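Notes follow the structure.
Where a number appears in this text, it was derived from the coordinates with a stated rule and is not lab data. These numbers were taken from a predicted model, which means no experiment stands behind them. Note: ideal-geometry Cβ built from the backbone for every residue, glycine included; neighbour counts use all protein chains shown.
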Ligand code: NI
């Protein structure tokens, strides 16, 4: 296990479209090790999700902690989501705070669909389906965006809510 270096905004890998994993490579030691390292890295930096491009790997893969209520298919352990497809998103959008390990110490409000359904492969190549709402749905959409080179700033309708972490804690955590 290893803690990986996280790419910060400005690194081109964060703006590239990641490629799908071949079925044959999913079981490889390299990919399995990458998944373990991504989970360790996510925990180390207290993230709730981490996508492969954030650790300089242009693969359609992310890990996420979806253990809050509202994500069926999650069992408390971090999930590895490979080659995800968003197959449905709710029409209701809600706005909430987001941050990103690649954009350190910044928070901003982003409107996203409240519910999302994702089909993907798990870390053993098994088919998985996640039905998520509220916070886990937000995490999934944020991480999915990373696979297409999209950052949460791109999703903000206005930058008025952009705030540094200290100021966020001081002025904006009571809502
Ligand atoms: Ni992010």
Quick calc: nm separation of the 7 Å Cα→Cβ label points for residue 158 and residue 85 -> 3.8 nm
Report Rg(Cα)/(2.2 N^0.38 Å) for region 17-56, keeping two decimals. 1.22
Residue 171 versus residue 92, label points 7 Å from Cα toward the beta carbon: distance in nm? 3.0 nm
What FRET efficiency do you get for residue 127 and residue 106 if R0 is 45 Å and r is their Cβ-Cβ distance, rounded to the nearest 0.05? 0.80
With all pairs of different alpha carbon atoms counted, what Kirkwood hydrodynamic radius in Å does the chain show? 16.3 Å
For each of 42, 1, 156, count neighbouring Cβ atoms within 10 Å of the residue's Cβ, then give the residues from fewest to most. 1, 156, 42
Tell me, what is the percent relative contact order of region 12-172, built from C-alpha pairs under 8 Å that lie six or more residues apart? 26 percent
Averaged over all viewing directions, the convex hull of the alpha carbons in region 89-175 casts a projected area in nm² of 6.5 nm²
